[in-house]
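Have a look at the structure below, then the notes.
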Amino acid sequence: GACPTSSRCGIEGILEAYHRSLRSVQLYGPTNFAPVVNHVARSAAAVPDGSQYFVLLIITDGVISDMAQTKEAIVNAAKLPMSIIIVGVGQAEFDGKAV
């Protein structure tokens, strides 16, 4: 189907959004994932017919500051048409990211 003009579609859309954000994003802490997981979950829940699938790609250079809230957000989103991919980059300790 057609991609809504307010969204990015396919791998090309993901790469385009990533490259564009590199020019404007400044990485700093704390690293709170729950708000963005909940935001995407609300978008996925707003499409009850399942005609859209959402992919949340989080690229992080830090340890999750709100681990309990992030786990809760992921569990709450588990039945929605969405995937969450978390990629750790840099020297931070990422062993604790298993959910």
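The values are calculated or read from the model by the stated rules, or taken from the named source; none is laboratory data. All values reported here derive from a predicted model rather than from experimental measurement. Positions of Cβ are backbone-derived with ideal geometry, glycine not excepted, and every protein chain shown enters the neighbour counts. With ligands, DNA and RNA removed, areas are computed over all heavy atoms of the protein, side chains included. Shrake-Rupley method; radii C 1.70, N 1.55, O 1.52, S 1.80 Å.
Can you tell me how many residues within segment 62-79 are surrounded by 15 or more Cβ atoms within 10 Å (Cβ to Cβ) and in contact with a Ser or Thr (Cβ under 9 Å, 6 or more places away or on another chain)?
Here the count works out to 4.
Run N76 past the list (1) at pLDDT 90 or above; (2) part of a loop (DSSP other than H, G, I, E, B); (3) polar (S, T, N, Q) and report the number of the one that doesn't hold.
The single condition N76 does not satisfy is (2).
If the Cβ limit is 7 Å and pairs must be 6+ apart or interchain, which residue in segment 16-30 that is among the acidic types (D, E) pairs with which residue that is surrounded by 11 or more Cβ atoms within 10 Å (Cβ to Cβ)?
From residues that are among the acidic types (D, E), the pairs are E16/R8.
Count, please, the residues in segment 72-95 that happen to be in contact (Cβ under 8 Å) with a residue 24 or more places away in the chain and closer than 14 Å to A45 by Cα.
Count: 8.
Which one is nearest to S83 (Cα to Cα) among residues in segment 17-62 that are in contact with a strand residue (DSSP E or B) (Cβ under 9 Å, 6 or more places away or on another chain) and in a loop (DSSP other than H, G, I, E, B)?
This residue is Y53.
If a residue has to be over 22 Å from E93 (Cβ atoms), under 14 Å from the mean Cα position of the chain (by Cα) and surrounded by 12 or more Cβ atoms within 10 Å (Cβ to Cβ) to count, how many in segment 11-34 make the cut?
3
How many residues, within segment 35-53, are among the hydrophobic types (A, V, I, L, M, F, W, C), open to solvent by 40 Å² or more (accessible area, probe 1.4 Å) and within 11 Å of the chain's Cα centre (by Cα)?
1
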